[in-house]
Amino acid sequence: MDSKIGRWLLPVATLIGAIVLWQLCVDLWHIKPYKLPSPLHIGERMWEQRDRLLAQSGSTLRLALKGIGLGIALGVLSAIVFHLIPVVRAALSPIIIITQNIPLIALGPLLIIWLGFGIAPKLVLLALVCYFPIAWSMLTGLGQADANLREYLAMIGASRLTVLRRLELPASLPYFFSGLKITATYSITAAIVAEWLGASEGIGYYLVLKSKGYDTTSVFGAIVCIVGMALAFYGIAALLERLVVRWRPAGREGGAR
Amino acid sequence: MSGQAKLELIDIHHQYSRGKKAHPVLGGISLTVANGEFVTLLGPSGSGKSTLFRLIGGVERPDAGRILIDGAETTGRRGQISYMPQQASLFPWLSVRANIASALTTAGVERRQAEALAAKWLDRIGLGDVANEYPRVLSGGMQQRVSFLRALLMPRGVMCLDEPFAALDALTRADMQAWLLRLWEEERRSVLFVTHSIEEALTLSDRIYVLSKAPATVLREIRVPFERPRRADVWKEPAFVALKEEVLALLERGGRRTWPMTRICTPTNMRPGAAKHCSPKRSPRA
């Protein structure tokens, strides 16, 4: 019971407490909605605009999922290639790390100049963001396989491919999921930035529109949607991890952090 | 014994270099394992027994010497032996049965046949109930039984067991020895077993090679006189105690390196001129 209280009740109660406090402050000091709308006010606005918010969120969700798909495909592939051919890793990793340090705000407009206003620049942006956590955690995982098991496979004469398939890939799964959890939350943020830069739909586009119109209440509504989606993605990734990585004893969280 | 040895090592030398210094580990080891024979390497810690296994497994190449399996040169070739390490080394993400089956498929057994064989044998050794569990639910002793079964079922000529019971507590260890003895005597595979326990060596083996400290050489080859099938309480016999004391004295002297180096002569290393370095009466199973 103690652990349940610690894990669920405490953070949820704190969150509810903070929201109640927020509501009280806004009521007490009569803060104007364009400065800080109250939670109830935000809720009302979201309800009024529910159809639009749902449609825009759906559009963002699809974009983020495409990004995650690309991130998984490229990340897993390059982790395996880098692991098997260390020369490639040594040659490419500086470039990849550099791409991770270019601010998205700067990169976005450049991509639009190069690739136009279609879906292409958005996908490149998302792939760049989603790729890295998966590739790097999985690369760590591939190298962390148990030395005893490695020795055992060597002694029975397993081929390089067998070692990869039977030992290194399964051993890297917890690391892969650590990367996926990060990517899942980043993907929403990256999708928002991509939509901000140039789009006619999506919650990022909605955010730009409302922010330019000083509709702070709707901006907060968009933020709630964004946070909700990011949390949902994280939750799904964590759930998948629990379903796939079932061999570890309960209560032991693992992988790269 | 008719025909050639199952496994034959001829004058194996090996050294490691740490920094600029060379550390000789094996100083000319020759030994044989006959078909269906249980042979033990007994030596102090750090006498290069595990290194010898890596060479037999083909993971490393010896600096000098040859390794033959069924009379064919296998020096530096992998995939010739089955192996049971000190740590059970079961794959945590595979069920107990899949652990055995996947090792068999690596050794070339067809998948469905491997699954069936694993299931049948797990039932036979009384672990059928846990066949679908992850290995972590098993005790240390049970994990080692699975590990032994995995080695036993691989279709390879020689089983190499590297101190498989060293990590177990004394009671479990005695239990496992009795279990292994019974199972091996039913199956009679060719086994090369490494241990530093004299009792374990005397209880299980047909022959024992006593090794010196590094650089390891064969101090003596002992034919264990107790009949098969062997009782697990063979250690109660006076002859057992006497033999144990003899080996202990041998190891103590060998540890101080005052014991004269002996070499086993086999027809393959009896080159002209080599004979005078060997003690001619030592040829095993001549």
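To the nearest 20 debye, what is the magnitude of the charge dipole of chain B about its Cα centre, counting +1 on the Cβ of each Lys and Arg and -1 on the Cβ of each Asp and Glu?
960
Which of B:Ala216, B:Ala166, B:Val191 sits closest to the plus end of the dipole of the stretch B:162-227, meaning its Cα is farthest towards the positive end, when Lys and Arg get +1 and Asp and Glu get -1 on the C-beta?
B:Ala216
Extending each Cα 7 Å along its Cβ direction at A:Thr14 and B:Glu245, get the distance between those two points in nm, one decimal.
With each label placed 7 Å out from Cα toward Cβ, I get 7.2 nm.
Can you pull the mean other chain C-beta count within 10 Å for peptide A:155-167?
Average per residue, whole number: 5.
Relative contact order for the stretch A:43-244 using alpha-carbon pairs under 8 Å, separation at least 6, rounded to a whole percent?
29
Under a point-charge model restricted to the Cβ atoms of Lys and Arg (+1) and Asp and Glu (-1), what is the dipole moment magnitude of the protein assembly as shown relative to its Cα centre, in debye to the nearest 20?
1120
Shielding by partners for B:50-58, please: the mean number of other protein chain Cβ atoms within 10 Å of each residue's Cβ. Walk me through the numbers on the way to the answer.
Values: counts 1, 0, 0, 2, 3, 0, 1, 6, 3.
The per-residue average across the peptide is 2.
Stretch A:Leu65-A:Tyr214 to full length: gain in nm at 0.36 nm per residue minus the Cα-Cα span?
Once the chain is fully extended between A:Leu65 and A:Tyr214, it gains 50.6 nm.
What value in Å³ per residue do you get for the convex hull of the alpha-carbon atoms in the stretch A:97-199?
Looking at the stretch A:97-199, the number lands at 107 Å³ per residue.
Which of rounded, prolate or oblate describes chain A when judged by the alpha-carbon gyration tensor and an a/c cut-off of 1.5?
oblate
What does the highest-first list of A:39-51, B:11-23, B:87-99 look like by mean Cβ count within 10 Å?
Highest to lowest by the protection proxy: B:87-99, A:39-51, B:11-23.
Name the residue from A:Ala127, A:Gly116, A:Ala106 whose Cα lies farthest towards the positive end of the charge dipole of the stretch A:100-240, charges +1 on Cβ of Lys and Arg and -1 on Cβ of Asp and Glu.
Of the options given, the answer is A:Ala127.
Which whole-Hz ³J(HN,Hα) couplings does the stretch A:136-153 yield from phi under the Karplus relation 6.51 cos²θ - 1.76 cosθ + 1.60, θ = phi - 60°, glycine and proline marked x?
Result, ordered by residue: 6, 5, 5, 4, 4, x, 4, x, 9, 4, 3, 5, 5, 5, 4, 5, 4, 5 Hz.
Could you give the distance between the Cα centres of the stretch A:100-136 and the stretch A:182-231, to the whole Å?
Between the Cα centres of the stretch A:100-136 and the stretch A:182-231 lies a distance of 17 Å.
In whole Hz, with x marking every Gly and Pro, tabulate ³J(HN,Hα) for the stretch B:51-63 from phi via Karplus 6.51 cos²θ - 1.76 cosθ + 1.60, θ = phi - 60°.
Each residue's phi maps through the Karplus curve to give 4, 4, 5, 4, 5, 5, x, x, 5, 10, 9, x, 5 Hz.
Find how much the distance from A:Ile95 to A:Arg50 grows on full extension, using 0.36 nm per residue of separation minus their present alpha carbon separation; answer in nm with one decimal. The partial results should precede the final answer.
Values: separation 45, 0.36 × 45 = 16.20 nm, distance 4.32 nm.
Full extension of this stretch gives 11.9 nm more.
When a/c is below 1.5 the answer is rounded, else prolate if a/b is larger than b/c, else oblate, so apply that to the stretch B:158-201 with a ≥ b ≥ c taken from the square roots of the Cα gyration tensor eigenvalues.
Since a/c reaches 1.5 but b/c is at least a/b, the shape of the stretch B:158-201 is classed as oblate.
Apply the Karplus curve 6.51 cos²θ - 1.76 cosθ + 1.60, θ = phi - 60°, to the phi angles in the stretch B:185-199 and return the couplings in whole Hz, x for Gly and Pro.
Values per residue, Gly and Pro as x: 5, 6, 9, 6, 8, 7, 10, 10, 10, 10, 7, 10, 9, 5, 4 Hz.
Using modelled amide H (1.01 Å from N, peptide plane; none on Pro or chain starts), what sits under 5 Å from the amide H of B:Ser30, excluding residues fewer than 5 places away?
So B:Ser30 has HN proximity to B:Asp11, B:Ile12, B:Val218, B:Ile264.
To two decimal places, what compactness ratio does chain B give when its Cα radius of gyration is scaled by 2.2 N^0.38 Å?
Dividing the Cα Rg of chain B by 2.2 N^0.38 Å gives 1.01.
By a straight-distance test (C-alpha under 12 Å), which aspartates and glutamates pair with B:Lys213 as possible cross-link partners, with residues fewer than eight away in the same chain excluded?
Qualifying aspartates and glutamates at Cα under 12 Å: B:Glu252.
Dipole magnitude of the stretch A:43-244 about its Cα centre, charges +1 at Lys/Arg Cβ and -1 at Asp/Glu Cβ only, in debye to the nearest 20?
Dipole about the Cα centre, nearest 20: 260 debye.
Rounded, prolate or oblate, given the Cα gyration tensor of the stretch A:1-79, with a/c below 1.5 counting as rounded? It would help to have the intermediate numbers written out before the result.
Details: a/c = 3.04, a/b = 1.43, b/c = 2.12.
The shape class here is oblate.
Picking from A:Ser159, A:Val244, A:Ile192, whose Cα lies most toward the positive end of the charge dipole for chain A (charges on Cβ: Lys, Arg +1; Asp, Glu -1)?
Sorting the options by dipole projection puts first A:Ser159.
I'd like the projected area of the protein assembly as shown, averaged over all directions, using the convex hull of its alpha carbons. Report it in nm² with one decimal.
Average of the hull's projected areas for the protein assembly as shown equals 35.4 nm².
Report, in degrees rounded to the nearest 10, the 0 to 90 angle that the Cα long axis of helix B:96-106 makes with the longest principal axis of chain B.
Around 60 degrees separate the two axes.
Under 10 Å, Cα contacts only: if you run a Gaussian network model on chain A, which one of A:Leu164, A:Leu28, A:Leu110 comes out with the highest mean-square fluctuation?
Sorting by GNM fluctuation, first place goes to A:Leu28.
Read-outs: derived from the displayed coordinates by stated rules, not from any lab. Worth saying up front: this structure is predicted, and the values here are computed from it rather than measured. Here the Cβ is made from the backbone with ideal geometry for all residues, glycine too, and neighbour counts use every protein chain on show.
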